[in-house]
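Bear in mind that the values in this text are calculations on the coordinates, not laboratory data. All of these numbers come straight from a predicted model, not from anything done at the bench. Note that we place each Cβ from the backbone using ideal geometry, even for glycine, and neighbour counts take in every protein chain shown.
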Amino acid sequence: MKNLTQTTLIIGAAVLMMASILAFNAPAPVYEYQTFTTIESIVPGGLGRSRMLLDNGSGSLDEQKIKNLYSVVGIKMENIFNNDLAVTEKLNELSENGWELAFTNTGVQSPSDGGSNGIYCTRYILRRVK
C-alpha cells in the first residue's frame, strides 16, 4: 500500500510538472486591432467641428458628428453627456462584435499664441483574437 501511495504521488507530481511546462509554453494569442478617435472642438461660440472617426477595418473612414464642448454661452454639460453616450454606444456595439478596449490615448491641442481655440482628442484602441 505504501508503494502504491508513493507511486501515485510521483505520477501526480510528474503530471503537474508537465502541465505547468505546457502552460508556460502556450502560444500567446494573436490579435487584430481597430481604432476609433473622438475629436472634440474647444472653440468659443460652438463654432468648431467635433467628430467620431472610425476605421471599419477595410481602410475606409466612417465619420460621425458629435457635439461641440462649447455653445454660444460657454461650456455645455449636456453636450459632454451626449458625447459620452455616443462613445459608450460605439464601445458596446464593438464589444458585441468581439472587440475589447485595449487602451486609450488622449491629447489636447491649443494654440501657442494664447488663443482660445483647440481640440480634445481621444483615441480608443480595440482588439480581438484573430
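Points worth noting:
- Count of Lys pairs (Cα-Cα under 29 Å; at least 8 positions apart or interchain) in the chain: 6
- One entry in (1) 17.3, 54; (2) 18.0, 67; (3) 25.5, 88 is Rg and Dmax of the Cα atoms in Å calculated from the shown coordinates; its label is (3).
- Tilt relative to the chain, helix 2-24 - C-alpha long axis, 0 to 90 degrees, to 10: 30 degrees
- Gained length - Met18 relative to Ser95, 0.36 nm times residue gap less alpha-carbon distance: 24.1 nm
- Residues in the stretch 47-68 reached by a label modelled at Thr35 [backbone nitrogen below 17 Å; 7 Å Cα→Cβ]: 51-64
- Over the chain: helical MRE at 222 nm, DSSP H runs n ≥ 4 each giving -39500 (n - 2.57), nearest 500: -11500 deg cm²/dmol
- Extension gain, Asn25 back to Val87 (0.36 nm per residue minus Cα-Cα distance, nm): 18.5 nm
- Each of the peptides 6-17, 94-105, 44-55 was scored by the mean count of other Cβ atoms within 10 Å over its residues; in descending order, highest first, they stand as 44-55, 94-105, 6-17.
- Selected from Gly59, Thr38, Val73, residue furthest toward positive end of dipole (the stretch 38-130; charges at beta carbon): Gly59
- Separation of the Val108 and Val73 label points, Cα + 7 Å toward Cβ, nm: 2.4 nm
- Close amide H contacts of Gly118 (hydrogens built in the peptide plane, cut-off under 5 Å, sequence separation of 5 or more or a different chain): Ile42, Val43.
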